[in-house]
Structure formats: structure tokens, C-alpha cells
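Participant: Mind having a look at this structure? Questions to follow.
The values are calculated or read from the model by the stated rules, or taken from the named source; none is laboratory data. Keep in mind that what you see is a predicted model, and the values were worked out from it rather than measured. Glycine also receives a Cβ, built like all others from the backbone with ideal geometry; neighbour counts cover every protein chain displayed. SASA here: full protein model, heavy atoms, side chains in, ligands and nucleic acids out. Shrake-Rupley method; radii C 1.70, N 1.55, O 1.52, S 1.80 Å.
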Amino acid sequence: MAKKRSLGVVLIILGVLVNNYAYMTDIAGNSHEGMIYMGPRGIVAALLGLVAIALGVVLLLRAPNHNAS
């Protein structure tokens with residue numbers, strides 16, 4: 001079941017990266033004078049990032065613990 005844990009960690013990392021990308025591209029573009037104003041594509045990207053994080057957490061919580069004696 002190490003594959004589920006690995007997939008969970010990868011999903012969490014990818015979700016965080018997607019969220020950071022969605023927010024930072026708006027800030028770096030400076031199209032709204034430093035304020036974060038996400039358009040429809042930015043909102044979809046942020047939601048997909050949150051879904052990936054949630055799926056990763058669920059996979060980590062459901063993975064069996066092999067360290068228990």
C-alpha cells in the first residue's frame with residue numbers, strides 16, 4: 001500500500017503547486033495593482049488544486065499503517 005501513500009503525497013504537493021501558480025500568476029502579472037483578482041480560469045485552477053489536495057489527504061488517511069505491532 002506504499003503506492004497509495006506515494007500517490008497521496010504527490011497529489012498534495014501538486015495541489016499546493018497548482019494553487020500557488022493560480023495565485024502567483026495574478027500577482028506577478030500586476031494586472032490589478034497588487035490585488036488578487038482571479039478570473040474564471042484562475043478559480044478553476046484553484047479549485048482543481050484543492051480537489052487534488054483533498055484526494056491526497058483521503059488517500060493518506062485510508063492507507064493502512066504497517067508500523068503497528
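Participant: Highest GNM mean-square fluctuation, the chain, Cα pairs closer than 10 Å: which of G42, G56, G15?
Facilitator: Maximum fluctuation in the GNM of the chain, among the listed residues, is at G42.
Participant: Something else: Per DSSP helix of 4 or more residues, -39500 (n - 2.57); summed, then divided by the residues of the chain. What does that give at 222 nm, rounded to the nearest 500?
Facilitator: So the calculated ellipticity at 222 nm is -26500 deg cm²/dmol.
Participant: Report ³J(HN,Hα) in whole Hz for each residue of region 44-59, in order, from the Karplus equation J = 6.51 cos²θ - 1.76 cosθ + 1.60 where θ = phi - 60°; Gly and Pro get x.
Facilitator: 4, 4, 5, 5, 5, x, 5, 5, 4, 4, 4, 5, x, 5, 4, 4
Participant: Could I ask something else about it? Given the options A46, A28, A54, state which has the largest fluctuation in a GNM of the chain using a 10 Å cut-off (strictly under) for Cα springs.
Facilitator: Ranking A46, A28, A54 by mean-square fluctuation puts A28 first.
Participant: May I pose another question? Rank these residues by their accessible area, most exposed first, probe 1.4 Å: R5, R41.
Facilitator: In descending accessible area the options line up as R41, R5.
Participant: If you don't mind, there's one more thing I want to ask. What is the extension gain from V16 to K4, computed as 0.36 nm multiplied by their sequence separation minus the C-alpha to C-alpha distance, in nm to one decimal?
Facilitator: 2.5 nm
Participant: How do L47, L59 stack up against each other in accessible area, from largest to smallest, with a 1.4 angstrom probe?
Facilitator: Largest accessible area first, the list is L47, L59.
Participant: Any chance you could give the angle, 0 to 90 degrees and rounded to 10, that helix 2-29 forms with the longest Cα principal axis of the chain?
Facilitator: 10 degrees
Participant: Which distance in nm do the two modelled labels at R41 and V57 give, with both placed 7 Å along the Cα-to-Cβ direction?
Facilitator: My value for the distance between the label points is 2.9 nm.
Participant: Give me the percent of the accessible area of the chain that comes from carbon and sulfur atoms, probe 1.4 Å, all protein chains in place.
Facilitator: 69 percent
Participant: Mind sorting out which of (i) 0.99; (ii) 1.23; (iii) 1.45 is the real Cα Rg over 2.2 N^0.38 Å computed from the coordinates?
Facilitator: Here the calculated entry is (iii).
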